[in-house]
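Enquirer: The structure that follows is given in the form of structure tokens.
Each value in this text was obtained by applying a stated rule to the coordinates, not by laboratory testing. The model shown is predicted, which means the values in this text are computed figures rather than measured ones. Ideal geometry is used to build each Cβ from the backbone, glycine not excepted, and the neighbour counts take in all protein chains shown.
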């Protein structure tokens, strides 16, 4: 396994592999209940992750769900600069918006919401 593959796996992992010597990745950081680095989501409500476990049919509600999530975590000029998802959902999104102009449209939808 290459270093790139190892770091990529760790980035999305929970940090418990390899005797808890792996990097603490998104699986640990994206939580509505876990205390990470001394930041408790109960005390620091801004630390609570916004996670949508199921959006239903992407064709019917996907863009609306993305827009709602984007708006829920936007505060004035502070807006998300990254959206993280699973490979299967990314594949669905990519097939739905196959051209570059379609992805630019998603960006505009998020910015204008």
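Enquirer: Of the peptides 14-26, 75-87, how do they stack up when ordered by the mean number of other Cβ atoms within 10 Å, highest first?
Expert: With the highest mean Cβ count within 10 Å placed first, the list reads 14-26, 75-87.
Enquirer: For a quick check: sort 69, 57 by the number of other beta carbons within 10 angstrom, fewest at the front.
Expert: 57, 69
Enquirer: Rank the residues 64, 10 as a footprinting-exposure proxy: fewest other Cβ atoms within 10 Å of their Cβ go first.
Expert: The most exposed by this proxy come first: 64, 10.
Enquirer: Please state, as a whole number in µm²/s, the translational diffusion coefficient that the Stokes-Einstein equation yields for the range 3-47 at 25 °C and 0.890 mPa s, with Rh defined as the Kirkwood radius across alpha carbon pairs.
Expert: 221
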